[in-house]
1. Looking at this model, which pairs from Lys45/Lys113; Lys18/Lys45; Lys11/Lys113 are more than 23 angstrom apart at the alpha-carbon?
2. Assuming R0 = 30 Å, can you tell me the calculated FRET efficiency for the pair Gln24 and Leu98, based on Cβ-Cβ distance, to the nearest 0.05?
3. Give me the distance between the Cα centres of segment 104-128 and segment 13-43, rounded to whole Å.
Amino acid sequence: MKGGKVLINKKRIVLMTKLALYDQKYGSRDRKDNEYFRHDYIYRKNMWTRLCASIGALIILAVYWMYQIFTLKQSFLEIDYKSAGTDAAVFILAVMTLYTIIGTIRETAQYAKGQRRLKNYMRMLYMLDRTREQKPEPESKYDTIAVNTKEESSLYYGADIAGKRNDNTVI
């Protein structure tokens, strides 16, 4: 370290850029989803899927019954309410079951993707910490960039991410 200059490794810059892109694109969502166990996450997502599927099925049934009453001019007294109610319940349960299966498959894949991204993020953080411990020797004059240290720089914005990460919920 001569004259207040520090050499920054090109590999560190690439890692920090990838980490920043992850934080910007997926970071908050993946961290929020990681607060749940997989089963709880899928259950929470499927609860809304079941609710919306049953509301949609009720709307379809209401439109079908309106069509039968107003267009086909079927009398209220001629309708077999017991069989209509049974058919409606079977239809609603079938729709909810179908959407639960589809939702479970989809949300399991989403959760696994988020876990992989978060694991890759933690691996990159580890690699970034490891590059700080080593003293990189530039292979050529194009592999490094000289910058002022944070103590000497008036443009330091407090983006020091080298602290220990003990609050990691993934590992």
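All of the numbers you see were taken from the coordinates with simple rules; none came from a lab. The structure presented is a predicted model; accordingly, all values stated were derived computationally and were not measured. Please note: Cβ atoms are built from the backbone with ideal geometry, for glycine as well, and neighbour counts cover all protein chains shown.
1. On the way: Lys45/Lys113 15 Å; Lys18/Lys45 29 Å; Lys11/Lys113 25 Å.
Exceeds cut-off: Lys18/Lys45; Lys11/Lys113.
2. Values: r = 36 Å, r/R0 = 1.21.
Between Gln24 and Leu98 the formula returns 0.25.
3. 7
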